[in-house]
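Below: the structure, in structure tokens.
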Amino acid sequence: MPEMHEALDAAHRLAVEWLDSLPTRRVPPTATTDEVAAALGDLPDHPRPALEVIELLGAAAEPGLTAIPSGRWYGMVMGGTLPAALAADWLTSAWDQNSALRAVTPATIAVEEVADRWLLDLLGLPADCGVGMATGATMSNFTCLATARDTVLRRAGWNAKELGLVGSPGVRVLVGAERHDSIDKVLRFLGLGHPEEVAADEQGRIRVPALAEALSKGEGRPTIVVLQAGNVHSGAFDDFAEAVPVAHDAGAWVHVDGAFGLFAAASPELRHLTAGFEFADSWATDAHKTLNVPYDCGIAIVKDDAAMRASMGMHGDYLIQDSAGEPFDRVPEMSRRARATTVWAALATLGRSGVADLVERFYRHARMFADGISKIPGGEVLNDVVFSQVCASFGSDEHTREVVQRMLADGTAWTTGSRWHGRAVLRVALCNWSTTDADVEATLAALREAAA
Ligand SMILES: *Cc1c(COP(=O)(O)O)cnc(C)c1O
């Protein structure tokens, strides 16, 4: 297969050139979307060799690439890619296993089942939970909340699977005022409409007395409570030890959105942030954030595996289904990339202590940022730095926004602007395995310059 070899050799060379450029290249891209689109050219009239196509793709894309996998990307919450996870991802594409059914793709499903077991062990969650790997935390939240919806309605005597939602007793969904917006999006998909907001405290944590009061007004209606492990602005964790029993006493299902924060549970130093989270009913997290595997990989975990399969499973007469449950019975998708290979590879290369070190390093670097920012004239850290997020102001909103703009223009690092509690802020999110002390120091130097 000379064409395959040539194309893969070129892809390998281009990939290594890109990765080698990361330590020194500017983080923002130099070409715009339209410029890259123009460089890709028109739809060709005739076939072209794979090698030529890959060379064209590499050359056209290069100036428009953003150095997200570099150690100086602190935007949104985006992880890098561990070497073992990236290499496993290449193999995953080459193997091309549609990982839905145990009898059809035993190798990749074995990898997935081992990864599921290791994840539950690492997070300290019950070993018999159902685990599904979807495209991200949004779809993992969807998976968990679909199961939650069906279960709370079933307990109220309503079979949503048969009857849908029209005429049902309805489902109340209570969320903290600072839940992630993907929760609202998912509730739209689920036909549950806008959630009821419960007040949050100054760090963005749900106020448990306010939650208890809202729950007391439920008149026994089916209820879901969504808690959060890791606020995108402050990194704060809801008080699970207090909130979960309050919600359970009212008969509610408790879901935890821990897209980047759930892995705090894998660190002896930071596990206290998640205290009591193991008593919830479902959890969503991302492997493509804190665990540093390539996109796209989210993880949905449900304590009641049978309920998860009842909500997400399907049957086809042409499928060879295993009574133990199939991976595609626990996620929205049917055809599935074997994305678990990357999770297995990340866990296998890091081991328990490596995952703990990774998470603790994010925390240590976040504190280095907070310390450095508070020493910049006008710099003020607005959150309690308990995990991986730092939210800062540089005086007036106008000045803070100007600092964000100057950081982008400088190109040393990527920090994002946002609004939090009515103020313009600059956010720093630590999520990349390759970030070093030197990266943090170089970024602080750029911030000092931008602020001045
Ligand atoms: C990133 C994030 C999500 C959404 O995750 P995707 O993987 O982008 O779908 C949900 N909740 C929180 C708290 C997040 O940080």
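Figures for the structure shown
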item: Per-region count, the stretch 263-289, residues within 14 Å of the ligand (Cβ to nearest atom) and under 15 Å from Ala115 (Cβ atoms); result: 5
item: Top-ranked residue of the stretch 251-262 - restricted to ones that are among the small types (Gly, Ala, Ser) and crowded, with 19+ Cβ neighbours inside 10 Å, ranked as nearest to the ligand (Cβ to nearest atom); result: Ala259
item: Residue match in the stretch 212-222 (condition: of a type in the set (S, T, N, Q), open to solvent by 10 Å² or more (accessible area, probe 1.4 Å) and closer than 28 Å to Gly157 by Cα); result: yes
item: Residue match in the stretch 35-49 (condition: in contact with a Leu (Cβ under 9 Å, 6 or more places away or on another chain) and not aliphatic (A, V, I, L, M)); result: yes
item: Helices (runs of 4 or more DSSP H) lying entirely in the stretch 90-197 (those with 2 or more residues that are touching a Lys or Arg at 6+ places or on another chain (Cβ under 9 Å) and open to solvent by less than 30 Å² (accessible area, probe 1.4 Å)); result: 106-123, 137-155
item: Residue list for the stretch 247-272, filter: out of contact with any Leu (no Cβ under 9 Å at 6 or more places or on another chain) and over 23 Å from Asp304 (Cβ atoms); result: Phe260, Pro268, Glu269, Leu270, Arg271, His272
item: Matching entry among Thr412, Thr443 (being outside any helix (DSSP H, G or I) and either touching a strand residue (DSSP E or B) at 6+ places or on another chain (Cβ under 6 Å) or under 19 Å from Leu22 (Cβ atoms) (or both)); result: Thr412
item: Among (1) out of contact with any Asp or Glu (no Cβ under 6 Å at 6 or more places or on another chain); (2) more than 21 Å from Gly71 (Cβ to Cβ); (3) open to solvent by less than 40 Å² (accessible area, probe 1.4 Å), the one test that Ala424 misses; result: (1)
item: Selected residue (only one of Ala60, Ala84, Ala15 is part of a helix (DSSP H, G or I) and open to solvent by 30 Å² or more (accessible area, probe 1.4 Å)); result: Ala84
item: Every residue from the stretch 296-318 that is within 12 Å of the ligand (Cβ to nearest atom) and assigned to a loop (DSSP other than H, G, I, E, B); result: Asp296, Cys297
item: Matching residues, the stretch 388-409, being in a helix (DSSP H, G or I) and open to solvent by less than 70 Å² (accessible area, probe 1.4 Å); result: Asp397, Thr400, Val403, Val404, Met407, Leu408
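The values are calculated or read from the model by the stated rules, or taken from the named source; none is laboratory data. Model, not experiment: these values are computed from the prediction. Positions of Cβ are generated from backbone atoms using ideal geometry, with glycine treated the same way; all protein chains shown enter the neighbour counts. Accessible surface is based on the protein model in full, side chains and every heavy atom, while ligands, DNA and RNA are left aside. Shrake-Rupley method; radii C 1.70, N 1.55, O 1.52, S 1.80 Å.
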